[in-house]
Amino acid sequence: MLGMIDWLVVGGYFVLLIGIVIYSSRQQDSADDYFLAGRNMGWFVIGASLFASNVGSEHIVGLAGSGATQGMGMAHWELHAWVLIMLGWIFVPFYYTSGVSTMPEYLEKRFGAATRWILSLVSLAAYVLTKVSVTVYAGAIVFQTLLPDTFGSPEKAFWVGAFTTVILTGIYTVFGGFRAVLFTDTAQAFILIIGSGIITMIGLGKLGGWSELQSFAAENVEAYALWRPWDDPDFPWLGILMASPIIGIWYWCTDQYIVQRTLAAKNLTTARRGAIFGAFLKIWPVMIFLIPGLIGAALHHKGLLTLPLNENGQIVGDQVFATMVIEMLPVGVRGLVIGGLLAALMSSLSSLFNSSASLFTYDVYQKLFPATSAKGLVNVGRAATVVVVGLGMLWIPLMAKFAKNKGLYTYLQSVQGYLAPPITAVFLLGLFSRRVNSTGAVAGLVFGFAAGMAKLTVQTMYPEDNRAGDVPALLAYVADFSFLYASGVLFAMSVAVVLGVSVLTAPPSEQQTRGLTWHGMDRDAIRSSWTSLDVLATVIVLTLTFALYGYFSVWI
């Protein structure tokens, strides 16, 4: 249970948050002010916001659960610092010099209005059905575990936690705009690092040190290793090599939710440095979010910690982190870590709300009503935020069913594995090939999304552990086909469709691609935007990233 000091720490966090929102809510009259913080943010704020927005409650809850039940398998997604380097050096120059406000807007400039509509609507649906609902569900699980009897029952604690955090986050996002999102993200990023770092250190101390963790993992190599056999049912090494880069490039380099932070920079140099700083922060989640779950499993194995088990006697992964907070941390520190969990939940939600509002306002409403004033666009954005909050809440009851089998974080990655391939294919081909045209891009997006949703539908309707009656062999095969391999196949098929249709139709004119492909960029302007300091920082980040990869490849 939480003590008085814990509640004071949590209360102090909210006081700080309110102060930041009040300060940020001034001068929100223009659309650029509200959605892109006036395009005047510094690299430190941008980098911290990239990290905090990525590391939501589903990361802390889901990654710890994944660490306890599946070991280092999910580490491949948490070592994506190298993809953030791609964002800063390859993608940001295109976005920044073209002056776009959203990713669908960039696609419209490169491929025409149809691609903008497709990506806008798919992104909005994906935000509501995956990111918003998954993030809130994870936060509510934390409340259910931490305060099971405070509101009468664990179920009531779940819903009180869900509604309270969503409403509070929605309020400060509506009134504070993107500037409030960035400033609160900056504070929350360091609360996350400190709080999760503390539980890692305390857990290792209780276990007996790093060598004890290595010994435990070595006894369960098949379940906890970073690299698994190619036919492993959960994390085959070949599937990892196929899917992880595809999902990473989509998420970090083309998704409005993330890229919007770099668009708020005051210039290209600042945007790149923000991405590099975000990459540096992205190196650490393996140590402070994934490893604690593995520590929890080791403590449970030694009888030093009692983790919740399901009816089959297996660890309930999504309750591991919250259980460790309750059982292991002293008063005061417990409040700090809970503040970190709240920070993770609220930073991700605020980013999702603002990004969704940006997409709807710029890519849907403004296209339908181009004469709307700047003040009117701000009001539309606020209304869109409220709607996204409501739709996300309505979807939450289904998340328990979807996350039950493999865990919350694995479910989220699998859905993203079906959404990412066509988007990644179209963006990469659009940036590096002048021959790819709008007809090919539209065909690739439509085909890729249809195929991905078909796979997700079959997988949901015919789960391996709950098949009633005779299921056709083809449907069973599709349902069981690893999402990692499926992601690679969908990407290859999307690339083939985009290139095939483009070759069979007329090429775009030089005017249509000027400044929007790698060949047509102003190389001198890009070269003048970076210095040797940026190169050195990049080398340091990449060295640390691959050093972690190398260590965990052979640590057991």
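The values are calculated or read from the model by the stated rules, or taken from the named source; none is laboratory data. Only a predicted model underlies this, so the values are computations on that prediction, with no experimental measurement involved. Virtual Cβ from ideal backbone geometry, glycine too; neighbours counted across all protein chains shown.
Things to note:
- Qualifying residue in region 159-169 (condition: modelled with pLDDT under 80, out of contact with any Ser or Thr (no Cβ under 8 Å at 6 or more places or on another chain) and among the hydroxyl-bearing types (Ser, Thr, Tyr)): yes
- Some residue of region 101-111 being within 22 Å of the chain's Cα centre (by Cα) and not in a helix (DSSP H, G or I): yes
- Applying the condition of being buried (at least 21 other Cβ atoms within 10 Å of the Cβ) and at pLDDT 75 or above to region 381-413 and asking which residue is nearest to Gly293 (Cα to Cα) yields Gln413.
- For region 192-219, a tally of residues being of a type in the set (A, V, I, L, M, F, W, C), at pLDDT 75 or above and closer than 20 Å to Ile283 by Cα returns 7.
- Count of region 285-320 residues which are modelled with pLDDT of 85 or more and either within 26 Å of the chain's Cα centre (by Cα) or of a type in the set (Asp, Glu) (or both): 15
- Counting only helices (runs of 4 or more DSSP H) wholly contained in region 490-555, the ones carrying 1 or more residues that are aliphatic (A, V, I, L, M) and crowded, with 17+ Cβ neighbours inside 10 Å occupy 523-527, 532-554.
- Residue, farthest from Leu429 (Cα to Cα), within region 107-135, restricted to residues that are modelled with pLDDT of 90 or more and aromatic (Phe, Trp, Tyr): Trp117
- Scanning region 356-396 for residues that are charged (D, E, K, R) and in a loop (DSSP other than H, G, I, E, B) turns up nothing.
- Some residue of region 289-300 being without any contact (Cβ under 8 Å) to a residue 12 or more places away in the chain, surrounded by fewer than 23 Cβ atoms within 10 Å (Cβ to Cβ) and more than 30 Å from Glu105 (Cβ to Cβ): no
- For region 145-170, filtered to residues that are free of Cβ contacts under 8 Å to residues at least 24 places away in the same chain and either polar (S, T, N, Q) or under 21 Å from Val55 (Cβ atoms) (or both), the residue that is surrounded by the fewest Cβ atoms within 10 Å (Cβ to Cβ) is Ser153.
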